[in-house]
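Down below is the structure, laid out as structure tokens.
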Amino acid sequence: MALKRLTRQRKAVLEVVRKAHNHPDAAWIYQEVRKVVPKVSLGTIYRTLEALVEEGYLIPITKAGEATRYDANLHPHLHLVCQGCGAIVDLEVPLPDLLTPVQEAHPHLEVRSVEVTYRGLCPTCKAALKG
């Protein structure tokens, strides 16, 4: 998959998010990209993230009242949000078809996607409780 315009900024943003395993937000991405492209603006980061989502390179993870975070793992997977530290952990498990039954039961709606988020503790927070 090739980017429409492979600018230095787009390449840097995509590289930073792909290397991160913490589902970063725009502020974190901005700080990391500035190490490679010092004069990049926060506005450019937001526009670049929007374009990368629109083009299918990143998945936004949104939660009301919190900054949008970004996931470069495009394989179907679930997330666990740690109730201790807020980390988002990828869960690679077979996914059930939750879309088709809803579409069949409600044909008057256009259901486009499903989000399921687990809540619990990441390994670090779980270990801290035992320690």
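Couple of notes before you dig in:
- The share of C-alpha pairs in the chain whose separation exceeds 20 Å stands at 55 percent.
- Taking trypsin sites (Lys or Arg not before Pro) in DSSP loop conformation with at most 13 other Cβ atoms inside 10 Å as exposed sites, the chain has its longest uninterrupted site-free stretch at 64-111.
- All lysines inside 27 Å of Lys126 as judged from Cα atoms, apart from same-chain residues fewer than 8 positions distant: Lys19, Lys63
- All distinct Cα pairs of segment 78-129 go into the 1/r average, and the inverse of that average, the Kirkwood radius, is 13.0 Å.
- With viscosity 0.890 mPa s and temperature 25 °C, the Kirkwood radius over alpha carbon pairs of segment 8-71 converts through Stokes-Einstein to a diffusion coefficient of 213 µm²/s.
- Under the criterion of Cα pairs below 8 Å and six or more residues apart, the relative contact order for segment 78-129 equals 50 percent.
- With helices as the sole contributors, the chain gives -10500 deg cm²/dmol at 222 nm; each DSSP H run of n ≥ 4 counts as -39500 (n - 2.57), and the sum is divided by every residue.
- The simple spin-label model puts a point 7 Å past each Cα toward its Cβ; for Tyr46 and Cys85 those points are separated by 2.9 nm.
- Within a Gaussian network of the chain (alpha carbon springs, distance under 10 Å), most fluctuating of Pro76, Pro96, Pro107: Pro107
- Over the chain, relative contact order from alpha-carbon pairs under 8 Å, at least 6 apart, %: 20
- Of the residues Ala64, Leu74, Val40, the one whose Cα sits farthest toward the positive end of the charge dipole of segment 40-84, with +1 on the Cβ of Lys and Arg and -1 on the Cβ of Asp and Glu, is Ala64.
- Fluctuation leader among Val33, Val53, Val116 - the chain, Gaussian network, Cα springs under 10 angstrom: Val116
- Note on Arg34 and Glu110: their simple-model spin labels are 4.1 nm apart, each label 7 Å out from Cα toward Cβ.
- If the chain linking Glu54 and Tyr118 were pulled fully straight, counting 0.36 nm for each residue of separation and taking away their Cα-Cα distance, it would gain 20.5 nm.
- Placing unit charges on the Cβ atoms only, positive for Lys and Arg and negative for Asp and Glu, gives the chain a dipole magnitude near 820 debye about its Cα centre.
- For segment 78-129, share of DSSP beta bridges that run antiparallel, in % to the nearest 5: 50
- Taking a straight line from the alpha carbon of Lys35, these aspartates and glutamates sit under 18 Å away, with near neighbours fewer than eight places off in the same chain left out: Glu15, Asp25.
We did not get these values from a lab; they are worked out from the coordinates using the rules stated. Bear in mind that the values here come from a model prediction, so they are computed numbers and not experimental data. In this analysis, Cβ positions are derived from the backbone assuming ideal geometry, glycine residues included, and neighbour counts consider all displayed protein chains.
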